[in-house]
1. Can you tell me the relative contact order of chain A? Whole percent, Cα pairs under 8 Å, sequence separation 6 or more.
2. Please turn the phi angles of the range A:19-31 into ³J(HN,Hα) values with the Karplus equation 6.51 cos²θ - 1.76 cosθ + 1.60 (θ = phi - 60°), one per residue in order, whole Hz, x for glycine and proline.
3. Report Rg(Cα)/(2.2 N^0.38 Å) for the range B:86-192, keeping two decimals.
4. Under 23 Å Cα-Cα from residue B:83, which lysines qualify once same-chain neighbours fewer than 8 residues away are excluded?
5. Please provide three numbers in whole Å: the alpha-carbon extents of the range A:233-335 along the principal axes, with the largest listed first.
6. If you take each beta carbon of peptide B:249-259 and count the beta carbons of other chains within 10 angstrom, what is the mean?
7. Every other copy gets compared here: list the nm distances from the residue A:283 label point (7 Å along Cα to Cβ) to its counterparts, shortest first, one decimal.
8. Distances from residue A:182 to the same position in the other copies: list them in nm, one decimal, shortest first, using label points 7 Å from Cα along Cα→Cβ.
There are 2 protein chains.
Amino acid sequence: MSAHNQQVILKSRPKEMISISDFALKQAAIPKAADGQVVIQSLYITVDPYLRDRMSGNALQIGLFELNEPINGAVIGKVVESKHPGFKSGDIVIGHLEWADYSMTEGENLSKLDPLQKPISTAVGILGMPGMTAYFGLLDIGKPKAGETVVVSAAAGAVGSAVGQMAKIKGCHVVGITGSDEKIAYLLKECGFDAAVNYKKKDYVEQLNKACSKGVDIYFDNVGGQVSDPLFNLLNLYARIPLCGQISQYNKSSSEMGPRILWPLLSKSALIKGFFVDDYKKQYPQAIREMAQWIKEGKLKYREQVVAGIENLPKAFVGLFKGENIGKQLVKIAD
Amino acid sequence: MSAHNQQVILKSRPKEMISISDFALKQAAIPKAADGQVVIQSLYITVDPYLRDRMSGNALQIGLFELNEPINGAVIGKVVESKHPGFKSGDIVIGHLEWADYSMTEGENLSKLDPLQKPISTAVGILGMPGMTAYFGLLDIGKPKAGETVVVSAAAGAVGSAVGQMAKIKGCHVVGITGSDEKIAYLLKECGFDAAVNYKKKDYVEQLNKACSKGVDIYFDNVGGQVSDPLFNLLNLYARIPLCGQISQYNKSSSEMGPRILWPLLSKSALIKGFFVDDYKKQYPQAIREMAQWIKEGKLKYREQVVAGIENLPKAFVGLFKGENIGKQLVKIAD
């Protein structure tokens, strides 16, 4: 156990592109548990793109982070002190906690890890929020049918790579949109995608058209902006667009202009649905069971990119917006 | 029975704004029925905005109209000659027929009028395609709940006025978007809307914000473009947008730019769904029964704007795009 407690605080609200200088480290005391409280040592802290909106966006869902206070998000940790009847020292838990070596909670949103979640890091990855996002966005909103074409953006990320593989399990033709040769190789060789295109290339639209020669039935969008624009010309009748992320837009200070999309949507009788994965919470256990089985059978692979040390949290977070990660980006805080 | 047969043909493909000079009248012989055929005298011909797309658009659904051939669309008529077992002289029918005094069919898409459809003109209006569009778009996609705010564009049209009144029946706060003081008065006094705003006024957005002080739960869109842009800043969580028409875009030769909407949709977990009313065909009888009952009870009113003479068809059609109609625009061809 480290003898001190470092926290990552939000120093300034990012105006456009977020930078590591928007964060700072702060020394704090290790919290002590009063009645009903639990103290947790962080083991893994996950960085997720949606947190960007809580730094300077609309933050409609859960409110803006306070300046000069610790960021909070999903953390896997170990209970080191408990005066809460539901938890005891040594429990491995997942919760919405501070970006810190140690944090304290009264047990709200804290739960012991599902034994299916092995290794424990998967609880914030393939069997956690990103995996659930992929599962319910694709299956509940996308409703893939065998033979359909499914396109996913940010395809090499934690969500995108799971979406594509599950679409393959459902018998679809799967096309990934990503940003490097290394990621394309990952999608084709490791994840079994049928095609992958690089949105940074000049012939992106041409390559996309070629990869989607039968049009697009499902577009699982994590990115938005210019990456997504050409998709609206490729939609098939009754296309479905699960709207999961808009990572291209999170660092904009005002709303961008783009081609209008209502007419293409209307003329294809298409559906767009934004969703919060939390709304599916009651169905998580069933999804985790099914995905754990697919992992066991080798049908669903995942990659974790782990960096060590709480001081590297800001860099890992900023890296999400620079396309630096393949699979789930994690920061390991302690063993 | 008139002694000759005039047809309205498409003379040229409109480039942008459609004009009556894109049409011409053509003299033709009155068709004679061979075995299995039916000859119909037109009584009412309806003009519907969606036909614009078949003149020079993508016409994805049913293909472009041929140049120098009669336009076709929904027609109410009387059988004047039949060698088809399903129809006899004197039957009042509705079908997808030529814009002409007389037309011939082998019975496909031809049906005898439902006795509920009285007066017969309602078969192409409140109890026809526009009414069905309002009913299924609002109830099946919009799913209004009492107390919610429902906004509809092109509110004084055949579809919009029905949408707003049905939303009132469901207990919603209803706001109409329209383009003249006369139409505003119609919506407030005759249709019972709670508020109506004029999109042509400088303070349109301000007025809209005021009328939607609790945000927008359902936006039934017939218009798109700049009329619809401000709605995306007003959406409530889990908002629904039945996408019915994009009349502002039909006369554009290329796709317009506008504010990107995917991020607002995502942040509100909202849904957009384009739809073809034909997909609900099996459920029409139940909808017609329910709407006929509402009409009987005085809860659902409709207005028909009738112009006489086949030579006025082009002007009536073009008028749709100039906002000239209140309620359903019909052309009466014969008594």
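1. On the way: 721 pairs, mean separation 62.0, N = 335.
Rounded, it is 19 percent for chain A.
2. For the range A:19-31, the Karplus curve yields 9, 5, 6, 6, 10, 8, 8, 9, 7, 9, 6, 6, x Hz.
3. Values: Rg = 17.0 Å, N = 107, 2.2 N^0.38 = 13.0 Å.
Normalised by 2.2 N^0.38 Å, the Cα Rg of the range B:86-192 equals 1.31.
4. Hits, sequence-local ones excluded: B:32, B:112.
5. Principal extents (largest minus smallest coordinate, Cα): 54, 39, 25 Å.
6. Numbers: counts 6, 1, 0, 2, 0, 1, 8, 4, 5, 7, 6.
Averaged over the peptide's residues, the number is 4.
7. Between copies, matching label points for residue A:283 lie 2.0 nm apart.
8. 6.8
The values are calculated or read from the model by the stated rules, or taken from the named source; none is laboratory data. Source: prediction; values computed, not measured. Glycine also receives a Cβ, built like all others from the backbone with ideal geometry; neighbour counts cover every protein chain displayed. Heads up: the accessible areas ignore ligands, DNA and RNA and are worked out on the full protein's heavy atoms, side chains in. Shrake-Rupley method; radii C 1.70, N 1.55, O 1.52, S 1.80 Å.
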